[in-house]
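Derivation of every value follows stated rules applied to the coordinates shown; laboratory data play no part. Bear in mind the structure is a predicted one, so any value in this text is a computation, not a measurement. Please note: Cβ atoms are built from the backbone with ideal geometry, for glycine as well, and neighbour counts cover all protein chains shown.
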Amino acid sequence: MLSSFVLAAVTLIPGVFTAPSGFLPQLGDFFHGSKSNAIQARQGGYFWSSWSEGGGTFRCNNGGGSSYSVTWQSSGGSSGFVCGKGWSPGGNRAVKYSGTYEPNGPSYLAVYGWTRNPLIEYYIMDAHGDLLPNEPWTEKGNFTFEEGTYTVYTSTRVNKPSIIGTTTFQQYWSVRTEQRVGGTITTGKHFDEWAKLGLRLGGHDYMILATEGYTSGSHTSNGTSSITLG
């Protein structure tokens, strides 16, 4: 099963996930379900990750250096993608970025990452399309510092894809009240504020500045994003 999955992840659909000429993607621990496509790779000090599931067209392009771009159109059913550049492992970092982000429908632009033990999927969201999460959010509080005001939410995914396979896990969310595209996201500040609310993280796995688009119910998603770190 592993060998057939690796072949599917490396070949994928021509033109949908692309890497610079001569650069061989290497599959890591990103096993987000048996019906998904995934690539992880390292390039020039940055970690690149692309994942998609279901129908739709997701063109995530691994650009040179710290840049990436994506155009997407989701379809009905379980359809979506997450891609971006960052670091592995993640952790406390001042993430500086610039670029453009133009979504229609359900979509996020966020620092996105995972921890293990406990298994947590987290988002520090600077901008978004329609906020239509597929699981109910529970508001936990809010905080303000020099980078802006954020509201904190949690949610639970039951028997969903994760970095360790299909399982049940918690999600933590910081959502900026005034959207922006570009600036600095100091992840440690969010981790500290989450801890004050009793939201515990584990050991850090990867962390990327991600673009995500997905289908929620009858609402599909499309758009473009072009992001550069630093």
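Normalised by 2.2 N^0.38 Å, where N counts its residues, the alpha-carbon radius of gyration of the stretch 31-144 equals 1.11. A simple spin-label model places pseudo-atoms 7 Å from Cα toward Cβ; at Gln179 and Arg42 they are separated by 3.6 nm.
Multiply the residue separation of Glu135 and Thr166 by 0.36 nm, subtract the distance between their alpha-carbon atoms, and state the gained length in nm to one decimal. Show your work: numbers first, answer last.
On the way: separation 31, 0.36 × 31 = 11.16 nm, distance 1.59 nm.
Length gained between Glu135 and Thr166: 9.6 nm.
Around the amide H of Phe47, modelled in the peptide plane, lie the amide H atoms of Gly86, Trp87, Ser88, all under 5 Å away and 5 or more residues distant in sequence or on another chain.
Packing, taken as the mean count of other beta carbons within 10 Å per residue, orders the peptides 107-120, 131-144, 84-97, 152-165 from highest to lowest as 107-120, 84-97, 152-165, 131-144.
Averaging the sequence gap over all C-alpha pairs within less than 8 Å and six or more residues apart, then dividing by the number of residues, gives the stretch 115-230 a relative contact order of 32 percent.
Taking a ≥ b ≥ c as the square roots of the Cα gyration tensor eigenvalues, the stretch 66-198 comes out rounded, since a/c falls below 1.5. Expressed as a whole percent, the proportion of Cα-Cα pairs in the stretch 122-230 lying more than 22 Å apart is 37%. A full extension of the chain between Phe145 and Lys96 corresponds to an added length of 16.0 nm, given 0.36 nm per residue minus the alpha carbon distance.
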